[in-house]
Every structure is written in structure tokens, then in C-alpha cells.
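**Q** A single structure is presented below for examination.
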Amino acid sequence: MSERDDFVRRFGGVFEHSAWVAARAFDRAASAGLSAGNVHSALCNAFRAASPAERLAVLRAHPDLAGKLAVAGELTADSRAEQASAGLDRLSPEEHARFTRLNAAYTKKFGFPFIIAVKGLTKEDILAAFERRIDNSAEEEFETACAEVEKIARLRLSSMLPGEENA
């Protein structure tokens, strides 16, 4: 296995179901060193340099919060742990119905699922952000969702490369 293949295997899931981001980031990351900060910077630069359609595909690769994939147990390990950390795996029927309604309205309006870095947030924080952001313009929300994807990537990398959180 080449260094590039190993890098993509290791970091290809940092941007949800979008290993192409890691493939495009390899040269920059390899030359800068494999710290969480360097890998994050390289991945984000590759993501930002992508076409709007490619970035939209990354957004669309994310699951709905507390959605049907979660209920069916089909989330990636990272997504499952992230959603569980915010209590999204322990919703009351009423809370689940509220998430389902918001997910449907948000996806209908923007064409991709609501994305937020949930670490350190409660389900109430997430619902408040959901209700606030659903009023954004399409352009604002695309940029906000892309920024949240980059936050999620940083959190994932920090857990993959322990001791380098501030690198």
C-alpha cells in the first residue's frame, strides 16, 4: 500500500463518505507533517478548492440528525458516537417527531441535511440552532454547513491524533 493509499484509508472518512477530500489533500498534508492541525488544514483546503457541486455532495453525504439512518442503526461509527454524545439516541417520541419535522423542512429548503458539530451541545442547543438556521438564505446556510463540516473534521482528527489537539 502506498503512502497516499494509507493516508486516504486513515483520513478518508473525516469528511463523511468523501475520501476524495483526503486524496486531494495528501500532497500538502504529507509535506507539512501528520499533526491534527496540518491534516485538518490540508483537508479543509482541498474541500474549499472543490467545486460547489462537490462540496454540496459532501453536505448531502451527512445523515439527518436523529433521522432514519440513526433509527435503523446505519450511521457511520463517528456519526453514531457524535449524535449519542448530544443525547440524540435517547429522544422522546415528541422530540423525535420534532427532529423529523425540522429535518424534512430544512432538507426541502436547502437540499441537504442540517449539519452541526454536536460535541458539547445538548439536544436543546441543537434544536435551537436548527430553528434559527432554517431562516437563513440558501447562500448563508451553504457556507454555515460547510463551516460545520470543517469543525466536525477537526473534532474527528483530534480524536484520531491524540495529543495534537492544539497542533
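**Q** Of (1) of a type in the set (Gly, Ala, Ser); (2) surrounded by fewer than 13 Cβ atoms within 10 Å (Cβ to Cβ); (3) more than 28 Å from ALA22 (Cβ to Cβ), GLY120 satisfies all except one. Which?
**A** (3) is the only condition that GLY120 fails.
**Q** Here's another thing I want to ask about it. Quick one: what pairs do we get from the stretch 4-21, first residue at negative phi and touching a residue at least 12 places away in the same chain (Cβ under 8 Å), second of a type outside the set (Val, Ile, Thr) and outside any helix (DSSP H, G or I), C-beta under 7 Å, 6+ apart or different chains?
**A** Partner pairs satisfying both residue conditions: GLU16/ALA61; GLU16/HIS62; SER18/ALA61; VAL21/PHE15.
**Q** Another question about this same structure. Being among the basic types (Lys, Arg), surrounded by fewer than 15 Cβ atoms within 10 Å (Cβ to Cβ) and without any contact (Cβ under 8 Å) to a residue 12 or more places away in the chain is the requirement here; does ARG80 meet it? Don't jump to the end; show me each part of the working.
**A** Numbers: among the basic types (Lys, Arg): yes; surrounded by fewer than 15 Cβ atoms within 10 Å (Cβ to Cβ): no; without any contact (Cβ under 8 Å) to a residue 12 or more places away in the chain: yes.
For ARG80, the condition - among the basic types (Lys, Arg), surrounded by fewer than 15 Cβ atoms within 10 Å (Cβ to Cβ) and without any contact (Cβ under 8 Å) to a residue 12 or more places away in the chain - is not met.
**Q** Here is a further query. In the stretch 26-57, what residues are among the hydroxyl-bearing types (Ser, Thr, Tyr) and part of a helix (DSSP H, G or I)? Explain how you work it out, then say what you get.
**A** Residues of the stretch 26-57 among the hydroxyl-bearing types (Ser, Thr, Tyr): 31, 35, 41, 51.
SER31, SER41, listed by residue number.
**Q** Now for a different question. Inside the stretch 90-106, can you point out the residues that are at pLDDT below 95 and within 17 Å of the chain's Cα centre (by Cα)?
**A** Listed by number, the list holds a single entry, ASN103.
**Q** Only residues that are surrounded by 13 or more Cβ atoms within 10 Å (Cβ to Cβ) and either touching a strand residue (DSSP E or B) at 6+ places or on another chain (Cβ under 6 Å) or farther than 15 Å from ARG48 by Cβ (or both): list them for the stretch 132-151, please.
**A** ARG133, ILE134, ASN136, GLU141
**Q** Another question about this same structure. Quick one: is ASP135 in a loop (DSSP other than H, G, I, E, B) and more than 30 Å from ALA29 (Cα to Cα)?
**A** On the way: in a loop (DSSP other than H, G, I, E, B): yes; more than 30 Å from ALA29 (Cα to Cα): yes.
Here the answer is yes, as ASP135 does meet what is asked.
**Q** Cβ contacts < 9 Å: first residue under 14 Å from ARG10 (Cβ atoms) and free of Cβ contacts under 8 Å to residues at least 12 places away in the same chain, restricted to the stretch 36-52; second residue open to solvent by less than 50 Å² (accessible area, probe 1.4 Å) and in a loop (DSSP other than H, G, I, E, B), any location; separation 6+ or different chain. Result?
**A** none
The values are calculated or read from the model by the stated rules, or taken from the named source; none is laboratory data. From a predicted model like this one, the values you see are computed outputs, not experimental measurements. A quick note on method: Cβ atoms are made from the backbone with ideal geometry, for glycine too, and the neighbour counts reach across all protein chains shown. Heads up: the accessible areas ignore ligands, DNA and RNA and are worked out on the full protein's heavy atoms, side chains in. Shrake-Rupley method; radii C 1.70, N 1.55, O 1.52, S 1.80 Å.
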